[in-house]
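Before any comments, here is the structure.
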Amino acid sequence: MRSHTLASRALVVLLVLVAAALALRGTALAQQAPQLTASLVRELPTDPESPIWQQARPAAVPLTPQVVALPRLAQVSVQSVSVRALHDGQRIAFLMAWSDPTRDARAVKPDEFRDAAAIMLPVGDAPPNICMGSPGQTTNLWHWKADWQEDIDKGFQDLPQAYPNFSKDYYPYAAGSPPFDAAKDFASDEAKAYLIGRAAGNPLSAVTKKSPVEELLAVGFGTTTHKQRQEVEGRGVWSGGRWQVAFVRALASGDAAEADLAKRSDVPVAFAVWNGANQEVGARKQVSGFLTLRIAGEAAPPAAPPAAAPAVPTRVPLAYEWWISIAVALIILVLGGAALAGYWARQREIARRQERE
Ligand code: HEM
């Protein structure tokens with residue numbers, strides 16, 4: 001067999017092997033969940049603006065629109081969220097930070113939607129279905145809401161805040177006069193009966209909130225339920241077009257319906273963000289895939305001096321690497337194939353000319 005045919009065949013085999021190796025590496029990386037490390041610190045930050053957060057390695061988590069259940073989100077209005085985690089051996093704290101040019105902290109008027117963020121943790125060991133678990137796979141959801149934060153920071157935001165020219169027809173048993181202070185003026189049981197949600201004990205209607213984070217349980221979407229024991233603290237601040245929200249809870253769970261993080265080192269965790277300005281609520285949101293939360297026993301490595309400008313972490317998420325590997329594999333195949341085709345054509349031309357001579 002002429003030497004150049006042998007060489008070109010060997011080259012084809014080599015190209016295919018390289019491309020296959022890259023593609024395999026790419027797919028392996030694609031299946032690996034990005035990691036979020038919760039390092040051990042002496043003092044756990046509960047304030048989203050605390051410098052202690054610099055001790056946590058940020059993970060840049062890409063978000064995708066929720067397109068499984070109606071109402072779907074057509075496209076993301078928040079591209080990614082930066083997440084940090086720390087623990088002090090007793091409690092764990094997460095910090096979610098994302099860009100949002102508007103601060104939407106009220107949902108009183110029918111066309112008002114508030115900004116919000118959530119963390120999803122499995123109650124059991126197995127990674128649950130990303131769509132909020134499924135029967136037999138309970139998920140624990142920590143749902144921070146900007147309007148609850150506003151109620152805590154500025155008092156219960158109600159009709160008078162949304163409709164300053166509010167006036168009343170007739171509110172039996174309400175003390176005082178408009179604009180009413182819901183907590184004070186509707187304190188009597190008789191008056192409360194006129195605030196149905198409140199009378200029914202609906203947490204969304206509660207005028208005093210202990211925490212801006214509501215703890216929920218779900219065994220799949222459509223089953224979200226307020227958890228009796230509410231144990232997650234939190235605080236969110238908006239400045240310079242960015243929300244920063246801290247969530248804090250004990251590592252050990254107070255009841256069986258809660259994700260127990262005390263005895264575990266690797267836990268699947270997922271995130272979701274709602275943008276009120278884009279009328280996002282409930283199912284209409286952007287979600288992440290699962291990350292692996294690594295609860296590290298060792299203290300955080302000394303914080304690298306903060307990188308100058310970038311607002312978001314510089315480390316691209318693992319996901320993009322697999323994509324690059326496969327793209328390179330494809331380019332090698334196409335270019336290699338084209339080069340070989342050219343080479344063979346020339347060889348054939350030479351052979352034909354030799355035959356003619
Ligand atoms: C792609 C998978 C998902 C689907 C199809 C989905 C679907 C839904 C639907 C239909 C609702 C409204 C009904 C209900 O309250 O159950 C909802 C609410 C909710 N979801 Fe999801 N979801 C998904 C992923 C997630 C993830 C990953 C998280 C958290 C990290 C999350 C957190 C929540 C929360 C906190 C609520 C209540 C929101 C509110 O009351 O405004 N979901 N979801």
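At a glance:
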read-out: D (Stokes-Einstein, µm²/s), Kirkwood Cα radius, the range 25-121, 1.002 mPa s at 20 °C; value: 133 µm²/s
read-out: Violating pairs (Cα-Cα greater than 20 angstrom) within the set 184/209; 109/145; 209/263; 145/209; 209/285; value: 209/263; 209/285
read-out: Normalised contact order of the range 2-353, rounded percent, pairs of Cα under 8 Å and 6 or more residues apart; value: 28 percent
read-out: Kirkwood-Stokes translational diffusion coefficient of the range 161-200, alpha-carbon pairs, 37 °C, 0.692 mPa s, µm²/s; value: 311 µm²/s
read-out: Difference of contour (0.36 nm per residue) and Cα-Cα distance, residue 129 to residue 161; value: 7.5 nm
read-out: Hydrodynamic radius (Kirkwood) for the range 152-244, which is based on Cα pairs only, to one decimal in Å; value: 15.7 Å
read-out: Kyte-Doolittle mean at least -0.5 and Cα axial length at least 18 Å: DSSP H helices in the chain; value: 3-31, 318-356
read-out: Residue-level accessible surface for residue 173, protein heavy atoms, 1.4 Å, Å²; value: 140 Å²
read-out: Rg followed by Dmax, in Å, when the chain is reduced to its Cα trace; value: 27.8, 113
read-out: Full-stretch length increase - residue 205, residue 21 - with 0.36 nm per residue and alpha-carbon distance subtracted; value: 60.5 nm
read-out: Estimated distance in nm for a label pair at residue 279 and residue 339, the labels positioned 7 Å out from Cα along Cα-to-Cβ; value: 5.4 nm
read-out: Whole-number Å³ per residue for the convex hull built on Cα positions in the range 175-227; value: 103 Å³
read-out: Within a Gaussian network of the chain (alpha carbon springs, distance under 10 Å), most fluctuating of 231, 43, 150; value: 43
read-out: Computed label-point distance, nm, for sites residue 75 and residue 292 using a 7 Å Cα→Cβ extension; value: 3.4 nm
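The values are calculated or read from the model by the stated rules, or taken from the named source; none is laboratory data. Nothing here was measured: the structure is a model prediction, and the numbers come from that model. All Cβ positions, even for glycine, are placed from backbone atoms using ideal geometry, and neighbour counts span all protein chains on display. We work out accessible area using only protein heavy atoms, side chains counted, and drop any ligands, DNA or RNA first. Shrake-Rupley method; radii C 1.70, N 1.55, O 1.52, S 1.80 Å.
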